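Structure record follows, encoded as structure tokens.
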Ligand SMILES: [Fe+2]
């Protein structure tokens with residue numbers, strides 16, 4: 001059984017022995033009981049006499065029995081209990097605040113390292129689950145084109161939950177319009193209630209703002225009857241503003257990334273246009289390379305440099321003269337030496353642009369061979385960067401299957417045979433296998449104009 005308040009106070013620093021000494025000095029005796037009548041102290045020769053109440057913050061917590069002298073003991077115990085309770089409240093409050101601050105700090109740490117909107121939203125949900133009592137959360141972001149809020153991350157929802165919020169419909173729309181966070185402790189009797197919130201009994205909803213404009217809302221709710229307090233709303237609003245900043249940053253970063261890839265892609269296309277017969281070669285090499293990378297389970301970082309490398313693999317051809325690059329008849333040794341310089345020119349170009357440096361290994365070594373007989377450096381096996389080994393398979397396969405003015409492209413079957421034939425000499429066998437196991441094969445199988453290929 002839990003100790004009563006007075007019992008706890010008496011146990012503090014051996015207070016009962018101090019009291020016994022005090023009582024004997026006062027030449028009296030005492031019986032102390034808690035509010036449930038449990039005897040806590042009885043000194044020698046004690047008689048009940050008068051009962052003096054002991055209180056803590058105005059509430060009765062026990063009795064001190066004896067003659068009139070023991071009134072002082074009742075008052076001493078009451079004061080001790082009061083200060084004990086205050087101290088405990090202060091400790092609890094401090095601990096709560098500390099916990100809140102730690103959690104919010106944790107959240108700032110985590111979300112500020114992520115530059116992906118959905119990942120940020122997911123982290124925000126994880127943090128909300130830690131600090132507030134809830135059974136569901138949704139993060140909705142504004143889609144300017146449709147002028148509606150769309151669900152980008154959620155936790156604990158029922159399948160019937162709405163994933164799009166339109167203006168003027170429901171509580172989230174109301175927060176979107178007002179820009180003010182709200183608590184709704186009885187959702188079903190709220191006039192704005194829409195059936196999408198099935199099961200939810202209480203909720204809190206806060207706006208996500210970017211430069212004073214509402215760009216989304218975060219909503220959390222509980223199916224159990226909890227009463228969210230003003231304190232909860234304050235905490236939730238802080239979380240929402242942290243989320244806003246992180247989501248805005250992630251959004252800007254995503255836009256920047258998109259602009260960056262568009263620019264890089266345009267650059268690669270400009271080169272490709274010098275040789276109109278290559279039509280979409282860059283795009284296909286990128287698709288095949290990424291499919292191989294995905295099959296191999298490359299890290300996000302390797303996938304990013306693989307994408308850049310694949311798009312830019314022939315960027316160095318800008319340094320090769322048209323008369324050589326576009327020559328339809330066979331090349332002389334000297335001309336072939338000039339063509340072989342394009343990976344090196346590629347490295348020189350990319351070396352000047354810090355954002356493109358990560359593509360260099362893929363670009364410089366996409367003509368290396370697994371057995372060391374390629375160019376420009378004659379690297380072999382694992383000495384060749386993995387992105388280059390992947391691009392080599394993707395680039396060769398597309399070159400084999402593309403029709404040029406002076407020759408027809410190989411059929412897929414023949415090209416597959418070639419890849420297998422040169423697996424282990426020209427190509428890394430692991431890359432060839434990954435290509436055959438990739439999503440790209442699915443597309444070849446289902447292409448209606450092509451025969452089903454047995455690999
Ligand atoms: Fe090349």
Being assigned to a helix (DSSP H, G or I), surrounded by fewer than 17 Cβ atoms within 10 Å (Cβ to Cβ) and within 16 Å of the ligand (Cβ to nearest atom), is that true of even one residue in the stretch 411-426?
no
Return the total of residues in the stretch 398-410 being more than 13 Å from the ligand (Cβ to nearest atom) and either in a helix (DSSP H, G or I) or not assigned by TED's automatic domain parsing to the domain that holds residue 327 (or both).
2
Would you mention how many residues in the stretch 311-324 are crowded, with 16+ Cβ neighbours inside 10 Å and either part of a loop (DSSP other than H, G, I, E, B) or within 11 Å of the ligand (Cβ to nearest atom) (or both)?
7
Per the filter on the stretch 349-383, residues closer than 22 Å to residue 290 by Cα, within 14 Å of the ligand (Cβ to nearest atom) and not in a helix (DSSP H, G or I) are 365, 366, 367, 368, 369
Could you tell me whether the stretch 368-391 includes any residue that is under 20 Å from residue 287 (Cα atoms), at pLDDT 95 or above and more than 34 Å from the chain's Cα centre (by Cα)?
no
Any idea which of 291, 246 is touching a helix residue (DSSP H, G or I) at 6+ places or on another chain (Cβ under 6 Å), part of a helix (DSSP H, G or I), modelled with pLDDT under 85 and buried (at least 17 other Cβ atoms within 10 Å of the Cβ)?
246
Please specify each residue of the stretch 1-42 satisfying the condition of being touching a residue at least 40 places away in the same chain (Cβ under 8 Å), part of a loop (DSSP other than H, G, I, E, B) and within 19 Å of residue 55 (Cα to Cα).
4, 30
Does residue 57 fit the bill of being in contact with a helix residue (DSSP H, G or I) (Cβ under 9 Å, 6 or more places away or on another chain), surrounded by 12 or more Cβ atoms within 10 Å (Cβ to Cβ), closer than 30 Å to residue 131 by Cβ and not assigned by TED's automatic domain parsing to the domain that holds residue 232?
yes
Which pairs have Cβ atoms under 6 Å, sit 6 or more apart or on different chains, and link a residue in the stretch 328-344 that is closer than 18 Å to residue 361 by Cβ and assigned by TED's automatic domain parsing to the domain that holds residue 379 to one that is assigned to a loop (DSSP other than H, G, I, E, B) and within 14 Å of the ligand (Cβ to nearest atom)?
340/375; 342/320; 343/367; 343/376; 344/376
For the stretch 7-21, which positions are surrounded by 15 or more Cβ atoms within 10 Å (Cβ to Cβ) and out of contact with any helix residue (DSSP H, G or I) (no Cβ under 7 Å at 6 or more places or on another chain)?
7, 8, 20
Hey, can you tell me all the residues within the stretch 325-348 that are outside any helix (DSSP H, G or I) and within 13 Å of the ligand (Cβ to nearest atom)?
340, 341
All conditions in (1) in a helix (DSSP H, G or I); (2) within 16 Å of the ligand (Cβ to nearest atom); (3) modelled with pLDDT under 85 are true of residue 274 except (1)
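The values are calculated or read from the model by the stated rules, or taken from the named source; none is laboratory data. Note that the coordinates shown come from a computational prediction; the quantities given were computed from them, not determined experimentally. Quick reminder, even Gly has a Cβ in these numbers, built from the backbone with ideal geometry, and neighbours come from all protein chains shown.
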